[in-house]
Amino acid sequence: MTTILNIGMNHETAPVEIRECLAAEPNNNKKALVFMRETDCIKESIFLSTCNRVEILCTTDDPSMAKKAILELMSKLGRLPIKDFISNLYTYNDMEAVHHFFSVASSLDSMIIGEPQILGQIKKAYAEATINKSSGVILNRLMHRTFHVAKKVRTETEICESAVSISYAAVELAKKIFYTLEGKKVLFIGTGEMAELAARHLMKQGISSIRIANRTFNNALKLAALFDGNAILFEEIDSQLSEVDIVLTSTASPQYIITYEQVKKNIRKRRNSPLFFIDIAVPRNVQPEVNNLENIYVYDIDDLKGIIRTNMAQRQQEAVKADRIVSQEVDKFEKWLKTLKVVPTIISLRRKADIIMQAEFQKSYSALKELSPAQMETINILTKSIVEKLLNDPILYLKDKADRKILGNYLDMTRNLFNLDKDEDEI
Amino acid sequence: MVFLFNLALSLELLATGGFIVFIIKQQKWVFQYSYNILIMGFICHSISIGCQYYELGTMPILELKSGLSFFSWSIVAVYILLQIKFKLRVLGSFVAPFVTTLMISAFFFPWRTQESINPIFNSLWLIFHVIIIFIGDAFFAIAFLTSIMYLIQEHHIKKKILGLFYTRLPSLATLDAINTFSLNCGFPLLSIGIFIGSIYSQYAFGKYWQWDPKEVWALISWLFYAALIHQRITVGWQGRRAAIMSIICFCILMFSFIVVGILFGGYHSFKSLGA
């Protein structure tokens with residue numbers, strides 16, 4: 001009786017120190033796959049390792065032996081004694097394993113629910129498994145179903161819809177104001193890590209120029225060099241306000257750097273064009289009243305965090321919907337798996353029919369040899385379709401009963417009825 | 001003709017329902033169906049207007065019913081053009097209810113019974129005068145609707161309420177672009193329409209301009225729109241202020257179309273047109 005076994009650890013069960021041990025060497029994946037392929041008790045296997053999780057998926061006839069082998073493998077890969085990480089592992093069998101894997105691929109188990117990378121990582125892991133010939137009938141089918149489920153979850157729920165990081169939320173807002181960020185000019189005031197992250201994100205959107213102002217001019221120069229922008233002096237900020245479209249502030253200044261009056265006097269020079277302030281500094285760098293000016297929009301860190309919170313809550317809600325899809329698909333997979341059990345009986349049934357057909361043809365050969373090839377062909381087709389039609393109902397019947405508990409009885413009955421076992425002994 | 005008008009109205013009602021479902025559910029196929037139904041309604045409506053034209057021998061805008069109906073036809077025509085140009089699905093969810101409202105109001109006015117019409121209406125000048133002005137007005141109607149959308153979206157972004165409307169409405173820049181485009185098309189059309197009208201008036205009545213109430217109000221709306229466009233070009237008016245101004249201009253335009261047409265008399269009024 002084949003079992004699907006899933007052993008793994010994720011960002012919730014294991015600290016990063018342990019996870020990174022397992023992902024330490026680049027060819028660990030291959031090593032793992034080769035090891036499992038060569039372990040007798042493991043039939044098929046897939047090895048997934050990302051920065052947030054390690055998952056091993058395999059089929060086996062002896063789950064406890066297989067688990068032992070996998071623990072050894074992990075200890076070898078991570079160069080850790082088993083006792084150091086055994087408490088961080090989870091083990092799922094059969095449909096639980098399928099459910100878990102579907103959830104992982106649909107990004108329901110991710111640190112940030114709905115993040116899109118995981119599916120790509122699973123696809124890569126599966127590709128590696130096929131290259132190393134470690135996956136077979138069951139895991140191939142399971143992986144294809146996994147991709148199907150992940151796609152279904154993505155299209156039928158809104159789990160990946162909304163922004164859940166500050167810079168992503170800011171970019172989304174900017175797009176609601178400017179439609180596109182292509183060709184827009186951005187001014188950064190402050191050069192912290194957050195500014196750099198946001199700059200990277202904005203650059204991807206195709207903004208045309210970056211200006212960077214900082215109290216320590218040297219830092220501005222450094223960041224400007226990184227993004228091919230212009231470093232400007234703090235005193236120049238005022239004149240820049242009449243040109244740029246987006247201003248991102250992130251300095252540690254205790255007073256407002258951008259004041260209401262300052263922006264107001266620039267409005268006419270800007271010919272009323274919209275200006276978007278993203279203020280991620282605490283305390284705030286932009287005077288809140290600036291938001292009251294026409295065509296000027298100010299979002300501070302709390303506003304952005306508020307957006308993220310709502311979006312996260314929305315994703316949680318969508319996750320419930322997604323979980324329902326996953327459960328339905330697990331049921332479908334279970335049904336398919338059970339039909340595997342009737343496959344040997346169906347094969348022997350077909351084989352028996354085939355043998356009878358061949359034998360009977362031989363017997364009548366002398367009487368039939370007068371016929372033209374076309375007529376022979378017709379008789380061939382005729383007999384085949386009679387056999388097919390006769391077998392069709394019993395086969396459908398068996399497949400239909402595949403998920404019954406007393407499937408064994410049905411199989412027994414079929415084998416006796418058609419005398420399959422005795423025949424096979426004779427052959 | 002009556003049947004076609006009613007069919008057009010029913011199709012537009014159906015399309016409006018679809019567009020409302022679309023703005024809630026956000027499914028592309030709902031939009032596609034609604035859009036196709038709207039186009040079918042538009043075709044029926046066009047044929048119905050064509051029949052009326054054939055029967056009357058002139059543009060069927062001699063009473064409020066057909067005026068409203070023709071106005072709603074013009075808006076759908078302009079909407080289809082803009083939809084092809086801007087491909088903004090959510091626009092239909094605002095345009096369809098608006099034109100359907102016009103159609104429903106037209107539905108409740110009686111059909112014209114009297115057969116004879118004043119022979120001066122039998123002129124190509126008049127046809128151009130009417131069509132050009134109505135198409136111009138239709139552009140203004142779209143500018144009006146996008147201005148409303150702009151104000152809703154702007155309010156949500158400013159007040160940081162990022163809910164249903166925020167996600168469904170397009171960016172401010174898109175709405176402002178459609179608004180500008182519609183004004184830039186509508187204004188020349190209105191100007192040309194008025195100009196052709198005055199030439200025709202000279203030809204029919206011997207006077208370019210008679211200070212008829214409708215003429216006066218048309219001039220007032222024209223001046224308001226001229227002011228708006230002037231401010232846009234010189235000071236760079238855009239966004240919220242331009243949207244509010246566009247709404248005010250359209251209200252004046254509607255006043256001169258409906259209220260002046262019914263109550264103020266003069267040779268442009270529906271009463272004298274029908275006589």
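Under 1.5 on a/c is rounded, so check that first for the stretch A:253-336, then, if it is not, pick prolate when a/b is larger than b/c and oblate when it is not; a ≥ b ≥ c are the square roots of the alpha carbon gyration tensor eigenvalues.
Numbers: a/c = 5.99, a/b = 3.14, b/c = 1.91.
In terms of gyration-tensor shape, prolate.
In degrees between 0 and 90, to the nearest 10, how far off the longest principal axis of chain A does helix A:217-227 point, with axes built from Cα atoms?
The helix A:217-227 is inclined about 30 degrees to chain A.
Over the C-alpha atoms of the stretch B:1-122, what are the Rg and the largest Cα-to-Cα span, Dmax, in Å?
15.3, 52
Find the eigenvalues of the gyration tensor of the Cα atoms of chain B, then list the square roots of 5 times those eigenvalues as equivalent ellipsoid semi-axes, largest first, in whole angstrom.
32, 24, 14
What are the GluC sites (Glu not before Pro) within the stretch A:178-227 that DSSP puts in a loop, where the Cβ has at most 15 other Cβ atoms within 10 Å?
A:E182
List the GluC sites (Glu not before Pro) in the stretch A:359-415 that DSSP assigns to loop (not H, G, I, E or B) and whose Cβ has at most 15 other Cβ atoms within 10 Å. Which are they? Walk me through the intermediate numbers first.
Working: sites: A:E360, A:E370, A:E377, A:E388; in loops: A:E370.
Here the GluC sites (Glu not before Pro) that fit, given the DSSP loop and packing criteria, are A:E370.
Enter the angle in degrees (range 0 to 90, nearest 10) between the Cα long axis of helix A:301-368 and the first principal axis of the Cα atoms of chain A, meaning the one along which they spread out most.
20
Given a Förster radius of 60 Å and the C-beta distance between B:F86 and A:M95 as r, what FRET efficiency does 1/(1 + (r/R0)^6) yield to the nearest 0.05?
0.75
Which of the trypsin sites (Lys or Arg not before Pro) found in the stretch B:168-223 are in a DSSP loop and have at most 13 neighbouring Cβ atoms, other than their own, within 10 Å?
Listed in order of number, the matching sites are B:K207.
Going by a ≥ b ≥ c, the root eigenvalues of the Cα gyration tensor, does the stretch B:51-194 fall in the rounded group (a/c under 1.5), the prolate group (a/b larger than b/c) or the oblate group? Could the numbers behind the result be given before it?
Numbers: a/c = 3.32, a/b = 2.07, b/c = 1.60.
Judged from the Cα gyration tensor, the stretch B:51-194 comes out prolate (a/c at least 1.5, a/b above b/c).
Please enumerate, by chain and number, the lysines with C-alpha under 22 Å from the C-alpha of A:K152, excluding those fewer than 8 residues away in the same chain.
Reachable lysines: A:K123, A:K124, A:K321, A:K332, A:K335, B:K25, B:K28.
Quick one: what do you get for the stretch B:123-275 if you divide its Cα Rg by 2.2 N^0.38 Å?
Working it through for the stretch B:123-275, the quotient is 1.19.
On a 24 Å Cα-Cα criterion, which of the cross-link pairs A:K30/A:K68; A:K204/B:K159; A:K264/B:K159; A:K176/B:K87; A:K43/A:K352 come out too long?
Correct reply: A:K204/B:K159; A:K43/A:K352.
Let me know the mean shielding of A:171-179 by other chains, meaning the per-residue number of their Cβ atoms within 10 Å of its Cβ.
Averaged over the peptide's residues, the number is 5.
On a 1.4 Å probe surface of the protein chains, which of A:V137, A:V149 comes out largest in accessible area, and what is the full order?
Ranked list, largest accessible area first: A:V137, A:V149.
Between A:E158, A:E25, A:E318, which gets the highest mean-square fluctuation from a Gaussian network model of chain A, Cα cutoff 10 Å?
Fluctuation is largest for A:E25.
Suppose R0 equals 51 Å; then what is the FRET efficiency for B:N6 and A:D61 from their Cβ-Cβ distance, rounded to the nearest 0.05?
On the way: r = 73 Å, r/R0 = 1.44.
Here the calculated transfer efficiency is 0.10.
So what does A:I131 come to for accessible area, using a 1.4 Å probe and Å² rounded to 10?
Answer for A:I131: close to 120 Å² accessible.
What is the Å³ per residue value for the convex hull set by the Cα atoms of the stretch A:166-307?
95
Give me the percent relative contact order of chain A, please, defined on Cα pairs under 8 angstrom at least 6 residues apart.
12
Compute the length gained on full extension between B:F205 and B:T167: take 0.36 nm times their separation in residues and subtract their Cα-Cα distance, giving the result in nm to one decimal.
Difference between extended and current length: 8.2 nm.
How many percent of the alpha carbon pairs in the protein assembly as shown exceed a separation of 32 Å?
So the pairs more than 32 Å apart make up 69 percent of the total in the protein assembly as shown.
Please give the helix B:91-107 orientation as an angle from the longest Cα principal axis of chain B, in degrees from 0 to 90, rounded to the nearest 10.
Taking the Cα atoms of chain B, the angle to B:91-107 is about 30 degrees.
Report, please, the projected area of the stretch A:338-426 averaged over directions, based on the convex hull of its C-alpha atoms, in nm².
In nm², the orientation-averaged hull projection of the stretch A:338-426 is 6.6.
Treating only the Cβ atoms of Lys and Arg (+1) and Asp and Glu (-1) as charged, compute the dipole magnitude of chain A about its Cα centre; round to the nearest 20 debye. Please list the in-between numbers first.
Values: 57 positive and 56 negative charges, 109 e Å.
In total the dipole reaches around 520 debye.
If I model a spin label at A:D331 and B:K25 as a point 7 Å from the Cα along the Cα→Cβ vector, what separation in nanometres do I get?
Calculated label separation equals 2.3 nm.
Tell me, what is the 1.4 Å probe accessible area of A:D109, in Å² to the nearest 10?
40
Could you pull out the pairs from A:K151/A:K222; B:K158/B:K214; A:K184/B:K158 whose alpha carbons sit more than 31 Å apart here?
The answer is A:K151/A:K222; B:K158/B:K214.
The values are calculated or read from the model by the stated rules, or taken from the named source; none is laboratory data. Source: prediction; values computed, not measured. Backbone-built Cβ (ideal geometry, glycine too); neighbour counts: all protein chains shown. Surface areas here come from the heavy atoms of the whole protein model, side chains and all, with no ligands, DNA or RNA. Shrake-Rupley method; radii C 1.70, N 1.55, O 1.52, S 1.80 Å.
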